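The values are calculated or read from the model by the stated rules, or taken from the named source; none is laboratory data. From a predicted model like this one, the values you see are computed outputs, not experimental measurements. Positions of Cβ are backbone-derived with ideal geometry, glycine not excepted, and every protein chain shown enters the neighbour counts.
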Amino acid sequence: MALGDLLRAPLLQGLTRDALLRMDPETAHGATISALKLGLAPEQAVADPPELAISLAGLDLRNPVGMAAGFDKNAEVPKPLARMGFGMVEVGTVTPRPQQGNAKPRLFRLPEAQGVINRMGFNNEGHDAAFARLKGAHVGAILGVNIGANKDSEDFVADYVLGVLRFADVADYLTVNISSPNTPGLRNLQADEALTRLLAAVLDARAKAKTRVPVFLKIAPDLDESQLDGIARVISGTGLDGLIVSNTTISRDPVEGQENATQTGGLSGKPLFNLATRRLAQVRQRVGTLPIIGVGGIHSPESAVAKFEAGADAIQLYSALVFGGLDLLDRIKRGLAAAVRAQGLASVGGLTGRTTSAWADGSARL
Ligand SMILES: Cc1cc2nc3c(=O)[nH]c(=O)nc-3n(C[C@H](O)[C@H](O)[C@H](O)COP(=O)(O)O)c2cc1C
């Protein structure tokens, strides 16, 4: 038996979903990254059907389902994730300097609701380490780099500018993440004046880079409609390429009283779905045809279809993979293709926005 096989057999047996769910959540995450690094990812068995191909902000995706930021914070496994069948992989959040993040434990499962609460606090190895891994890499899917600011930075805006300058030439797109609840003060960048200044600096930096890399802005689901009005006003006419809606929520309404619900941090997974999807639809009503990546609580083929119908052009997920296992990706892609065919459409893009108003006013829910 080759050494690789010797290593693989016990690891594969050990890393079943049940075993991962019995481990401390952060240990399980580390084990999953290690397994992917060793090449243990299940490879996509069949090519994506042509109706799943989309064009997003000038990027050609073979399918519209992405791995959300925070799973591969240090850009260690974008290639294995692409081989598994994600049409896009977003690595990060990366900050200019390495930082430890918050004290452990900082990641919690809410098994009853299939939710997750995290207060990781942008633990990452910094720009240099991620850049070294990504330089010259052929990922095999659209590669996004999600950029952020160091917790102890004296100038958050300057940190984003450094991120743009560093990653513009190795990423297919960049995400400006101003919506993590775990870096004090970060979400204040969503307010009109601060956002105006941030976007001007970021887009100016993009203009200085060799490549015109698409830039997305990732926002929180905890913004109300007047704050969404403000964001729509600020971004219009700026050259921003799209929005990602949304990050985790600080609200606990759907999980009140459940195990771990009182932990500080951002809630994600199934209990985030209705809130994030309503916000997505409300954003869609304010930004016309601007590209939107819909994230938050996708946990089934039906919820993936609903995300498009609410107004998404593409989707990402993370938390549900903790509970649903990696075959969830295949089930979601099959479900999307089936919905496209059942509705007599040519492409998954035809699903976008079919029920935006019902999601925006709260009458549609899952
Ligand atoms: C453990 C964990 C870490 C995360 N880290 C980041 C991050 O570094 N940057 C970011 O933009 N989003 C981060 N997120 C948010 C996800 O990208 C996503 O927006 C959110 O979890 C909602 O999607 P989901 O319900 O499918 O998980 C993180 C989420 C989790 C669960």
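Observations
- Among the candidates L199, L189, L217, residue that is in contact (Cβ under 8 Å) with a residue 40 or more places away in the chain, over 15 Å from Y173 (Cβ atoms) and aliphatic (A, V, I, L, M): L199
- Verdict on T262 being over 20 Å from D229 (Cβ atoms) and assigned to a loop (DSSP other than H, G, I, E, B): yes
- Against the numbered list (1) on the phi < 0 side of the Ramachandran plot; (2) crowded, with 21+ Cβ neighbours inside 10 Å; (3) in contact with a Ser or Thr (Cβ under 7 Å, 6 or more places away or on another chain); (4) of a type outside the set (S, T, Y), G269 comes up short only at (1).
- Scan of region 147-161 for residues that are more than 12 Å from the ligand (Cβ to nearest atom) and within 28 Å of S251 (Cβ to Cβ), ordered by number: N150, K151, D152, S153, F156, V157, D159, Y160
- Within region 299-347, considering residues that are of a type in the set (S, T, N, Q) and within 17 Å of the chain's Cα centre (by Cα), the one nearest to the ligand (Cβ to nearest atom): S319
- Of all residues in region 165-196, those being modelled with pLDDT of 90 or more, under 17 Å from R97 (Cβ atoms) and either crowded, with 21+ Cβ neighbours inside 10 Å or within 16 Å of the ligand (Cβ to nearest atom) (or both) number 3.
- Residue in region 337-353 that is assigned to a helix (DSSP H, G or I) and hydroxyl-bearing (S, T, Y) present: no
Yes or no, residue by residue, for (1) away from the ligand (no atom under 16 Å from the Cβ); (2) within 28 Å of A130 (Cα to Cα); (3) part of a loop (DSSP other than H, G, I, E, B):
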| position | (1), (2), (3) |
| --- | --- |
| L198 | no, yes, no |
| A201 | yes, yes, no |
| A207 | yes, yes, no |
| L217 | no, yes, no |
| D222 | no, no, yes |
| L228 | yes, no, no |
| G257 | yes, no, yes |
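- Count - residues of region 35-68 that are assigned to a loop (DSSP other than H, G, I, E, B), under 30 Å from A19 (Cβ atoms) and not charged (D, E, K, R): 10
- Residues of region 113-144 satisfying the condition of being of a type in the set (V, I, T) and under 13 Å from V170 (Cα atoms): V139, I142
- Breaking point among (1) within 13 Å of the ligand (Cβ to nearest atom); (2) among the polar types (S, T, N, Q); (3) modelled with pLDDT of 95 or more, for T32: (3)
- Residue tally, condition crowded, with 24+ Cβ neighbours inside 10 Å and on the phi > 0 side of the Ramachandran plot, over region 274-309: 2
- Look at region 102-128: where a residue is without any contact (Cβ under 8 Å) to a residue 40 or more places away in the chain and a partner is part of a loop (DSSP other than H, G, I, E, B) and more than 9 Å from the ligand (Cβ to nearest atom), sitting 6+ places away or on another chain with Cβ atoms under 6 Å, you get G126/R97; G126/P98.
- Taking first residues from region 131-148 that are free of Cβ contacts under 8 Å to residues at least 60 places away in the same chain and partners that are away from the ligand (no atom under 16 Å from the Cβ) and of a type in the set (A, V, I, L, M), the Cβ contacts under 7 Å between residues at least 6 apart in sequence or on separate chains come to F131/V170; L134/V170; K135/V170.
- Candidates are the residues of region 157-196 that are assigned to a helix (DSSP H, G or I) and of a type in the set (D, E); the one that is nearest to T95 (Cα to Cα) is D159.
The rows are residues; the columns are (1) within 15 Å of the ligand (Cβ to nearest atom); (2) touching a strand residue (DSSP E or B) at 6+ places or on another chain (Cβ under 7 Å).
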| residue | (1), (2) |
| --- | --- |
| E76 | yes, no |
| F86 | yes, yes |
| P111 | yes, no |
| A137 | no, no |
| G163 | yes, yes |
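- Cβ-Cβ under 9 Å pairs, at least 6 apart or on other chains, region 313-330 side closer than 22 Å to I292 by Cβ, far side basic (K, R) and within 11 Å of the ligand (Cβ to nearest atom): I315/K307; S319/K270; A320/K270
- Any hit, region 324-331, residues being in a loop (DSSP other than H, G, I, E, B) and under 30 Å from P111 (Cα atoms): yes
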